[in-house]
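See structure below.
The values are calculated or read from the model by the stated rules, or taken from the named source; none is laboratory data. If you're wondering where the values come from, they're calculated on a predicted model, not measured in any experiment. In this analysis, Cβ positions are derived from the backbone assuming ideal geometry, glycine residues included, and neighbour counts consider all displayed protein chains.
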């Protein structure tokens, strides 16, 4: 796909200014000369987007392994943007806010969606409190959970919000139930060109949903199946040449719906019982305000024992007693030990680096 073949909507605006393709390229050339890294990242992506190559290199987040560069077809990125626009009924002239780094796929795709769908996109520097530096109302925005947590009182200025990059805590979801913004948790990765499924978490009748309230629903032209590990496999012919095999253990409810349980490589086998850390962490989130995660450590009797790792100061004994008394935890889901680290090591995108932090616990 050459730069002349890439669709470009005439209603597209960037920070309130309309651009033709040639004008946008000139602007991008100016952005890369600036000292602010977030502006450089936008400029570098736009220059790469409009070159004659059919592929574009994108860096993965490193949350499930070492960060790496992968190549994505520009046409597939266009297809992904079109599917998002169709699912969320985004129309030309709708306003959108880019508050994520354009160095990664989530930020890049906000730019692509705006150029393909004709959105009026404003960009600001990525921060943990994005709405503190943006005063307008927006139809569409994407954030990570930390940004949402720090913006709850201001979210009413966004009509539709998608949240990704990390699972949302039980506590955060509870705070968002009364927010007027339509909020969706997303499922996806760099290889799927951001989200392929979403889950609405507020402004819905949870009683009517029943056991489907934790269900992710596919975007257009996406279907799912599972392999012999019960891991999700994604058929997405418009964004990938082959099926995408994930390490995410799910409960498949239909070809277009699933309930996410956790990462296959995080599963803890304790005495023959398979424990999904992410399921346990969701329960624990109502007890712990600090950042935390659970993991398995080698154990002579059980093979692996469940441990809880917390960032910052806590009362270990009191917390453990609270967990034991809560009927929602099975005996196997109660951590055998609690470890405290002063500060967590993180990935480049600010996620907890589980493997590096558990190595610190092991000593």
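Of everything in segment 155-169 that is under 10 Å from residue 138 (Cα atoms) and in contact with a strand residue (DSSP E or B) (Cβ under 6 Å, 6 or more places away or on another chain), the residue that is surrounded by the fewest Cβ atoms within 10 Å (Cβ to Cβ) is 159.
When segment 193-211 is filtered for residues that are farther than 14 Å from residue 260 by Cβ and modelled with pLDDT of 90 or more, the ones remaining, listed by number, are 193, 194, 200, 202.
You will find that of 319, 359, the residue that is within 21 Å of residue 286 (Cβ to Cβ) and part of a helix (DSSP H, G or I) is 319 and no other. Being surrounded by fewer than 16 Cβ atoms within 10 Å (Cβ to Cβ), in the same structural domain as residue 104 (by TED's automatic domain parsing), over 21 Å from residue 189 (Cα atoms) and at pLDDT 95 or above is a property that holds for residue 29. Being part of a helix (DSSP H, G or I) and loosely packed, with under 11 Cβ neighbours inside 10 Å is the filter here, so list the residues in segment 14-25 that pass it. Within segment 14-25, just 22 meets the criteria. Scanning segment 322-356 for residues that are in a helix (DSSP H, G or I) and under 30 Å from residue 105 (Cα atoms) turns up 354, 355, 356. Of the residues making up segment 59-96, those that are modelled with pLDDT of 95 or more and farther than 21 Å from residue 49 by Cα number 9.
Specify the residue that is farthest from residue 200 (Cα to Cα); the eligible residues are those in segment 125-152 that are in a helix (DSSP H, G or I) and touching a helix residue (DSSP H, G or I) at 6+ places or on another chain (Cβ under 9 Å). Step through it out loud before you land on a result.
Just the residues of segment 125-152 that are in a helix (DSSP H, G or I), to begin with: 130-133, 145-149, 152.
Pick out the ones that are also touching a helix residue (DSSP H, G or I) at 6+ places or on another chain (Cβ under 9 Å) and you get 130-132, 145, 147-149, 152.
Details: 130: 22, 131: 21, 132: 25, 145: 14, 147: 18, 148: 15, 149: 17, 152: 17 Å.
This residue is 132.
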